[in-house]
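All of the numbers you see were taken from the coordinates with simple rules; none came from a lab. Being a predicted model, the structure only gives us computed values, none of them experimental. Using ideal geometry, Cβ is built from the backbone for each residue, glycine included, and neighbour counts are taken over all protein chains shown.
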């Protein structure tokens, strides 16, 4: 299938000058979102490797939560109540503790928005994983 006519028709479409900002904003948002997801997955990959787990397992959406529960020293069945916020906070506290971090760091891993920063900090700092803290 030749996609050249499809792309040519899209490029030849008339876009009002007032819509240039909207198109640019949507493209910028999409690129930023993809970059943040890639950056977050890279951090999770490095955390897995620090703990002795293959890094590729961080890319699989639900399976990486199973691995996170195992890193926290729990059975994989604890993944089922994943949607509960209290459980997520408790899990993040246990992960932080096993990497030698405190309660504040665990709270940073728990809160959406700050979790990207704290996950990246955990991935790139010199801390080591201890299975039994």
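Details
- Dividing the summed -39500 (n - 2.57) terms of all DSSP H runs of n ≥ 4 by the residue count of the chain sets its mean residue ellipticity at 222 nm at -19500 deg cm²/dmol.
- Selected from 31, 66, 103 as most flexible by GNM, with the chain as the system and alpha-carbon contacts under 10 Å: 31
- Contact order for the range 54-126, expressed relative to its length and based on alpha carbon pairs under 8 Å spaced 6+ residues apart, stands at 17 percent.
- Convex hull volume per residue in cubic angstrom - Cα atoms of the range 55-133: 93
- Classified by the C-alpha gyration tensor, the range 87-131 has an oblate form. Its axis ratio a/c, with a ≥ b ≥ c, is 1.5 or above, and a/b does not exceed b/c.
- R0 of 35 Å, Cβ-Cβ distance residue 121-residue 18: FRET efficiency to nearest 0.05: 0.25
- Between 0 and 90°, nearest 10: helix 85-98 axis offset from the chain longest Cα axis: 60
- Across the chain, C-alpha contacts under 8 Å between residues 6 or more apart give a mean separation that, scaled by the residue count, equals a relative contact order of 21 percent.
- Part-to-part distance (alpha-carbon centres) for the range 57-133 and the range 17-48, which is given in Å: 24
- Cα-based equivalent ellipsoid of the range 4-124: semi-axis lengths in Å, sorted from largest, via gyration tensor: 38, 16, 13
- Helix 20-50 axis versus longest C-alpha principal axis of the chain: approximately 30°, rounded to the nearest ten.
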